[in-house]
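Here is the structure we will look at, set down as structure tokens.
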Amino acid sequence: MFDGPSMSEAVEGNTMIEIHDSTLEQVDMAGDGLVATLSAFVHRSPGVPGRSRGSVWSQTVRLELQGGSHGGVDSPIWVVDGHVALGGETYDNTIPWPLAHVGPVRIEFEGSEGEHIVLVGQGLKVSLLKDAKYVEEFPGEQAL
């Protein structure tokens, strides 16, 4: 039975993590920073992930913020909106991957029940854990 591409095919091409419809599983202090864990949809494409034809995977994402802090998080939280600000660049509802950033970081998540979570730090490293599960093919955006 064919369940979609293999894991080795999952890591080829361009990759983007979708914030919308993810679950913020937990946020833990780790040394002088923090680690946030998301269960998220990951788009992979030879073109522009989330816009061009490609595949969608369910995967655990680890966000490590150096010098990170937060105002308290009761998790898990179903995330309906969010953005990541890295210095002067903002990514709405997406997290590029691979990503290792040194400098100011601000991550905001909006929960389905009105939660507003803010994580700040002075560096961000994003890791995809090796538990990718194939979800579906993404046909790409349709021309209007």
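Below are the figures for this structure:
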| quantity | calculated |
| --- | --- |
| Computed magnitude of the charge dipole of the chain (debye, nearest 20; Cβ of K, R +1, Cβ of D, E -1) | 460 debye |
| Sorted largest first, extent of the range 33-86 alpha carbons per principal axis (Å) | 38, 23, 18 |
| Solvent-accessible area, 1.4 Å probe, carbon plus sulfur percent, for the chain | 51 percent |
| Rel. contact order, % - alpha carbon contacts under 8 angstrom, at least six apart, the range 41-99 | 18 percent |
| Per residue accessible area of the range 17-94, 1.4 Å probe, in Å² | 45 Å² |
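The values are calculated or read from the model by the stated rules, or taken from the named source; none is laboratory data. Bear in mind the structure is a predicted one, so any value in this text is a computation, not a measurement. All Cβ positions, glycine included, derive from the backbone under ideal geometry; neighbour counts span all protein chains shown. The protein model used for the area step is the full one, side chains on, heavy atoms only, and it has no ligands, DNA or RNA in it. Shrake-Rupley method; radii C 1.70, N 1.55, O 1.52, S 1.80 Å.
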